[in-house]
Amino acid sequence: MTSQALAWRTLTANPARGLLAVAGVAVIGALLFDMLMLSSGLLVSFRDLLDTAGYDVRVVATDGLPVLRVPIPHATALAADLSRQPEVQEVAVFRLDRVLMTMSGRWPEGVTLISVSEGAERHTWRITRGENLITGEGALERRPLVVSDRLATALSLTPGSIVRVRPTMSGVASAIPEMEFHVVGVAEFEFSMADDLTAATTRDGFEQVRAGRAPGNKDEADAVLVASRPALGSEAAVTAINRLRPDLRAYSNEQLVAQFNQNGFSYFRQISFVLSSITLGFAFLLVATLLTVSVNQRLSEMAALRALGFSRRRIAATLLWESAWLVGVGGLLALPLGGLLALELDRILRAMPGLPERLHFFVFEPRAVVRYLALLTVTGLGAAAYPVWVAARLPIAATLRREIVS
Amino acid sequence: MEQARVHVGDVVMLAADPDGTGATPFRVVGAYEPTPDPMKFTAKRIEARLHLPDLIALTDPQSPEAVSVLNVALVDLQDADAFTLTLTARMPGLAVRPTARPRDGRDPFGVLERFHWAIAIVTVVGSTAFLLALMVMRAEERREVIGILRLMGIPGRSILVEVLLEGLLIALAGAVFGLLVAKAAEGVVNRFFQWRYDTALVFVRVTLPIAWQSVAFAVPLGVIAGLVASWTLLRRDVVSLVRR
């Protein structure tokens, strides 16, 4: 009988014990797998969010992330200057403001109003009902508005609804007159926050709202988004923009991800490291204890096998196979279990306020599976080391004599 | 001060505009440890404190009465929600927020608490499976002893009580040991995160309610695992227990 078959028979001789041990490994393995997904999930998701927007460089007025609200003056001229750079393929101007939106007979809702330059809409939202923003003749009087699904639900809006919009004033009550906007479509916004209401309008509509709050501050942008020429890359575009406008800050997606990794994400990375280490240590201790107790109970059986001619190597191989069965079967079961658990943990963490809807904490990556399997293999081998050592050093005659005398 | 290489006594120029327009000289008179803020602990806080008139002159000299935030202390803390509603209704556009954590648990710490609870539950489920496996092995180890005790006429109920008491003692000892490990780890984890984020925030605190929660989880779990494992033996025939 091979060592593998002998290990299998030993485990199946006591199915309750085997099943419980496999279940324990599966649950702890699922947690370990999830922590490995968490260790890079937010970063992968953030990078994906930035990359799918279609722009790989963000230009803002000051240091820090572009969400900081420091406007860039003369945005149209800047966009034209940037477009002329050989490293730049496409430029979009992004404007953002907080407004109060009301429907007759309803309490006003705080809404993030955005405006992007023509052509950038396809990267920013996807129409699910109605039509997209119209520009040109008629747009100025009609003031079109595309609203997010959540905003449409909150204010019971459909294409054709009319809403009144007023800019919010920081720290003071506002008496600025409201403006009527016509809802033309409902859309899914790429960067909308999970707990935020979002709407988009044309540049004219946006500037009319902003003019009510800060007359004279026309043609300001919150960020200018740039798509670099693929042949030259984003770093070349960043260098060109910094050379052209040293007063502004240009960040490539890689630099933004690095900043995010350094600041916003580091807590979850540390937590996942701590929990992965604890989980691994826990799995190691428990499998090692199970195998050691199992070996101690079967000392006489092993001595008898040695007396029958089983070599030390074969006994060691049998114990290694036992560990491999427990950790292997439990570890494989942990993958789907970990996937399900990750869905629930992700749902809990995504309730965090102020996060983009499309951001996820747990992201499946083949790299996480490879790391998980490698760690589990090392744990299984490590857990079997002590019982193997005990079994290999077993004095055959003394053990058999002790068994008979006892 | 370390990042900007500024020392007490240095004169620095501060401006409200990124281009440095209207920069004003200020003398650094001291250094302070910022009040730990759990919402900002991952951010590098580069801050300076000025006298209010100096700050207003620097940022918005046209509006000497303008402020960014007003902190309000209520006579009765229970009135926070009512006060928030009243003020919001009177001054639409003003962001009024109670400082107490919202009861619906939608704040970041409520979310983190639920996340940690979920992790704790999964860990307890996994360790229960292992505990049961170990208890089954231990019960199996004592099969013959239990068989002999029953042959001697000791009723199964007495053996079960003995197992229960033994399980209780082991579970209590395990829970106390676990708490001691947690207490020892508390300092290590706090020192690590305080060093990592350069903050005085306390990240882990083993409080009495948490200790009681852990004991309330661990002790019944240990006792039940021992009882379940032994119960299967006690239900067996005495002859099969002594392998005859």
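The values are calculated or read from the model by the stated rules, or taken from the named source; none is laboratory data. Predicted model only: the values in this text are computed from it and were never measured. Because the Cβ atoms are built from the backbone with ideal geometry, glycine has one as well, and the counts that use them run over all protein chains shown. Protein only, heavy atoms only, side chains kept; ligands, DNA and RNA dropped before computing areas. Shrake-Rupley method; radii C 1.70, N 1.55, O 1.52, S 1.80 Å.
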Among the listed residues A:339, A:281, identify the single one that is of a type outside the set (A, V, I, L, M, F, W, C) and either touching a residue at least 40 places away in the same chain (Cβ under 8 Å) or away from chain B (no Cβ under 12 Å) (or both). A:339
How about segment A:266-278: which of its residues are more than 8 Å from chain B (Cβ to nearest Cβ) and touching a helix residue (DSSP H, G or I) at 6+ places or on another chain (Cβ under 7 Å)? A:268, A:269, A:272, A:273, A:276
For the structure I just gave you, tell me whether residue A:153 is without any contact (Cβ under 8 Å) to a residue 60 or more places away in the chain, surrounded by fewer than 17 Cβ atoms within 10 Å (Cβ to Cβ) and part of a helix (DSSP H, G or I). yes
Failed item, numbered, when residue A:263 is tested on (1) within 10 Å of chain B (Cβ to nearest Cβ); (2) at pLDDT 85 or above: (2)
Considering only segment B:114-160, how many residues are more than 9 Å from chain A (Cβ to nearest Cβ), β-branched (Val, Ile, Thr), in a helix (DSSP H, G or I) and open to solvent by less than 70 Å² (accessible area, probe 1.4 Å)? 3
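Considering only residues that are surrounded by fewer than 15 Cβ atoms within 10 Å (Cβ to Cβ) and either at positive phi or outside any helix (DSSP H, G or I) (or both), look in segment B:104-113 and name the one that is nearest to the other protein chains (Cβ to nearest Cβ). Let's see the steps before the verdict.
Restricting attention to segment B:104-113, the residues satisfying the condition of being surrounded by fewer than 15 Cβ atoms within 10 Å (Cβ to Cβ) are B:104-106, B:109, B:113.
Subsequent filtering for residues that are either at positive phi or outside any helix (DSSP H, G or I) (or both) retains B:104-106.
Numbers: B:104: 10, B:105: 8, B:106: 6 Å.
It comes out as B:106.
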So which helices (runs of 4 or more DSSP H) are wholly in segment A:1-117 and hold at least 1 residues that are open to solvent by less than 10 Å² (accessible area, probe 1.4 Å), within 30 Å of residue B:134 (Cβ to Cβ) and within 14 Å of chain B (Cβ to nearest Cβ)? A:15-52
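Residues to consider are A:250, A:231, A:236; find the one that is among the small types (Gly, Ala, Ser), on the phi < 0 side of the Ramachandran plot and modelled with pLDDT of 90 or more. Steps first, please.
Details: A:250 fails: modelled with pLDDT of 90 or more; A:231 fails: modelled with pLDDT of 90 or more.
From the options A:250, A:231, A:236, the qualifying one is A:236.
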If you take the residues of segment A:172-182 that are within 14 Å of residue A:99 (Cβ to Cβ) and at pLDDT 85 or above, which of them is least open to solvent (accessible area, probe 1.4 Å)? A:181
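Tell me, yes or no, whether segment A:365-375 has at least one residue that is outside the structural domain of residue A:192 (by TED's automatic domain parsing), of a type in the set (Gly, Ala, Ser) and part of a helix (DSSP H, G or I).
So the first thing to find is which residues in segment A:365-375 are outside the structural domain of residue A:192 (by TED's automatic domain parsing), and the list is A:365-375.
Subsequent filtering for residues that are of a type in the set (Gly, Ala, Ser) retains A:368, A:374.
Add one more test, that the residue is part of a helix (DSSP H, G or I), and what stays is A:368, A:374.
Checked segment A:365-375: at least one residue is outside the structural domain of residue A:192 (by TED's automatic domain parsing), of a type in the set (Gly, Ala, Ser) and part of a helix (DSSP H, G or I).
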Can you name the residue in segment A:294-330 that is under 18 Å from residue B:126 (Cβ atoms) and either within 12 Å of chain B (Cβ to nearest Cβ) or surrounded by fewer than 17 Cβ atoms within 10 Å (Cβ to Cβ) (or both) and is also modelled with the lowest pLDDT among such residues? A:326
